[in-house]
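*Asks:* Sharing a structure below in structure tokens format, with a few things to ask.
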Amino acid sequence: MTARPDATAGGGLSRYEDELRQTVTEAAEALFQNDFDSFYAYFSPDYQQRCPPEDMKRMIAVGLQLLGDFRGAKLEITHVEFQADRAFVEAYTDIRGRRVPFFAESRYPTYWVMVDGTWRMTDDNPAPCELFPPTPTLPP
């Protein structure tokens, strides 16, 4: 990996937009080809600490059950927005004739950050792989 200059200096991250678009496309292709290990590697280390591989595999399995097989899907990046040290990417894919956002709409949007000179996905969710909040228990 090559070191990058400080992302906030001299033009900020936007000068890396082409590289970001390529990285997002590669991450999507890994998912679409069911290459879990390659897809998981696109997440930042802090995200991977909050979402271990087994939990991520469970989330992907739920997505496959809901949406069907991803193989053959293509990604369309429609917008990139840079905010300080983050990049937000709006992208869609066509799965079985349905246009689906690649990054799920959420109260914790997915964004991209530079980690050791490489773009990585993350979010601010303290438990990103928790599909459903814990079921509250009633007092006895």
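Values in this text are rule-based calculations from the coordinates and carry no lab data. Keep in mind it's a predicted model, so treat the numbers as computed, not measured. Cβ: placed from backbone, ideal geometry, glycine included. Neighbour counts: every protein chain shown.
*Asks:* Expressed as an acute angle from 0 to 90° and rounded to the nearest 10, what is the orientation of the C-alpha long axis of helix 17-32 relative to the principal long axis of the chain?
*Replies:* 30 degrees
*Asks:* Out of all DSSP beta bridges in the chain, what portion is antiparallel? Express it as a percent rounded to 5.
*Replies:* So the antiparallel bridges in the chain amount to around 95 percent.
*Asks:* Per 10 Å bin from zero, what fraction in whole % of the C-alpha pairs of the chain is there, up to the bin with the longest pair?
*Replies:* 11, 40, 34, 12, 3, 1, 0
*Asks:* Still on this structure, please answer the following. Put +1 on the Cβ of every Lys and Arg and -1 on every Asp and Glu Cβ in segment 33-103; which of GLN83, SER44, VAL62 then has its Cα farthest towards the positive end of the dipole?
*Replies:* VAL62
*Asks:* What is the extension gain from LYS74 to GLU54, computed as 0.36 nm multiplied by their sequence separation minus the C-alpha to C-alpha distance, in nm to one decimal?
*Replies:* Gain in length upon complete extension: 4.6 nm.
*Asks:* Also, I was wondering about something else. Distance in nm between label sites at LEU66 and ARG99, each 7 Å beyond Cα in the beta-carbon direction?
*Replies:* 2.0 nm
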